[in-house]
C-alpha cells in the first residue's frame, strides 16, 4: 500500500542531515552549557552557533533570540510576558489565531486584562483597518499570525505592524507556519515579537524560539536560573537547538525551489478536487494562501470519516474541525469565515511538503473521489442536507 503524508502543517519528518547533526549531543557531547568546566564549555559554542543561524534568517542579532520548547510556549511567553510587564491593559487578536494565542488572551482576560477579538470575513484575511479600529489608548499588544495553520492564508502583517508602530502598540506574530518557508525578516514584518518552531521545517519537536526586539518590556514566563539571559530559565535542549539550527540552514537553501514546486502541486490538487468532487469549496483567499495548504469543505460527509477512509488507503491528512480530538465543535477558524457549522465539519486540510510528489497527488485524486461517493451513499441524513 502507498504511504502518502499530507499533514506537513501538523509536523514534518526529521531531515536526515538534522538527525546526524544532533546525534553527537545525545552521546559524548552531553555537557550543560551553563557549566564552567570543559564538558559544558565544549557544548556552548554549538548552542550559540545555532542561535546565530536562526537569528540570521530572522535578520536580527543572536542576543534577541530566546530558545523555548516550541511555538506554543513562544506564543505564551510573548503575550503573557508583555501583559505581566504592564500589569494591566488591552489585547487585540483575530478570531482565526492558533489556540496558543487565543487561549492565552482568553486566560489573561479572566485575570483582569481586556481583549478584543477581530472578526475575519470569508477570505480568511485580516483587514488592517479592523485592527486600527480595535486599538485603544490602553492597548498593549496586537497579535496576528503570519500564515494561518488551518487554511494557509497569508496575513498582511506588514500593513498591520505599520499601524501598531504609528499608534505605539507592540506587535507579535506567530510565524511558526512561515519561518523557513517564506521571507520572515523581522524588520520587514515590523514585529516586536515573533514565534517560531523547529518541527515545521524538518527539525526536531520540542524546540522553538521567540524573537524579542531590543527595548521591548517583557517579563519571563519561566523563571529560575540565569539561562537565556534570564529571559527563559531552564537547561537548554542542546540536541534540539542544534537540530533547529541545522534545519533552518537547509530550509533556507531550498526555500524558493520548494515554494515553486508547491505552487504547481497546489494547482494540480485544487483542480483535481474541484473537477472530480461536486459540492466542494476551497477555503481562503486563493491569491493570499501559502501553496503548501489546501483546506477543502465537502458537503454531505463528515471530516473524520474522510480522514479515516484516507488513512486506510495510506494517506495522512487532517480535519478542518476538532472532531478527531473528541470535540463535536467545528473549527473556530472555519466558523469565523462564516462557513456553515455542518459544512465545516466536512472539512479536510491537505498540507504538502518538500518530499511531496506529483505522483502522490495523482494517487490521492484516484482514491479520494470514490471515498466521497461511498460515504455520501451511506449517509441518508447527509443526503437530505443537500435539499
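Looking at the range 75-85, is at least one residue under 16 Å from residue 179 (Cα atoms) and surrounded by 20 or more Cβ atoms within 10 Å (Cβ to Cβ)?
Yes, that holds for at least one residue.
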Check: When the range 171-203 is examined, which residues are found to be buried (at least 24 other Cβ atoms within 10 Å of the Cβ) and either outside the structural domain of residue 150 (by TED's automatic domain parsing) or assigned to a strand (DSSP E or B) (or both)?
Finding: 171, 172, 173, 174, 179, 193, 194, 195, 196, 197
Item checked: Where a residue in the range 289-317 is closer than 19 Å to residue 278 by Cβ and in the same structural domain as residue 350 (by TED's automatic domain parsing) and its partner, wherever it lies, is modelled with pLDDT under 95 and part of a strand (DSSP E or B), with Cβ under 6 Å and at least six apart -> 303/319
Check: When you go through (1) in a loop (DSSP other than H, G, I, E, B); (2) closer than 29 Å to residue 6 by Cα one by one for residue 262, which number turns out not to apply?
Finding: (1)
Checklist line | Residues of the range 333-358 satisfying the condition of being part of a helix (DSSP H, G or I) and either closer than 17 Å to residue 10 by Cβ or touching a strand residue (DSSP E or B) at 6+ places or on another chain (Cβ under 9 Å) (or both) | finding: 333, 334, 336, 343, 344
Notebook entry, point to check: So residue 220 clears everything in (1) in contact with a helix residue (DSSP H, G or I) (Cβ under 9 Å, 6 or more places away or on another chain); (2) at pLDDT below 95 except one condition, right? Which one?
Noted result: (2)
Next item on the list: Residues being in a loop (DSSP other than H, G, I, E, B) and either surrounded by fewer than 16 Cβ atoms within 10 Å (Cβ to Cβ) or in contact (Cβ under 8 Å) with a residue 40 or more places away in the chain (or both): count how many of those fall in the range 112-134.
Entry: 8
Checklist line | Top-ranked residue in the range 341-363 [being at pLDDT 95 or above and over 24 Å from the mean Cα position of the chain (by Cα); ranked as surrounded by the fewest Cβ atoms within 10 Å (Cβ to Cβ)] | finding: 359
Note to self: Residues to consider are 320, 284; find the one that is buried (at least 23 other Cβ atoms within 10 Å of the Cβ), within 30 Å of residue 179 (Cβ to Cβ) and at pLDDT below 95.
What the structure shows: 320
Next item on the list: Keeping to the range 65-90, report how many residues are assigned to a strand (DSSP E or B) and under 14 Å from residue 192 (Cβ atoms).
Entry: 2
Next item on the list: Would you mind telling me which numbered condition in (1) under 24 Å from residue 21 (Cα atoms); (2) not assigned by TED's automatic domain parsing to the domain that holds residue 57 residue 206 fails?
Entry: (2)
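The values are calculated or read from the model by the stated rules, or taken from the named source; none is laboratory data. All of these numbers come straight from a predicted model, not from anything done at the bench. Cβ: placed from backbone, ideal geometry, glycine included. Neighbour counts: every protein chain shown.
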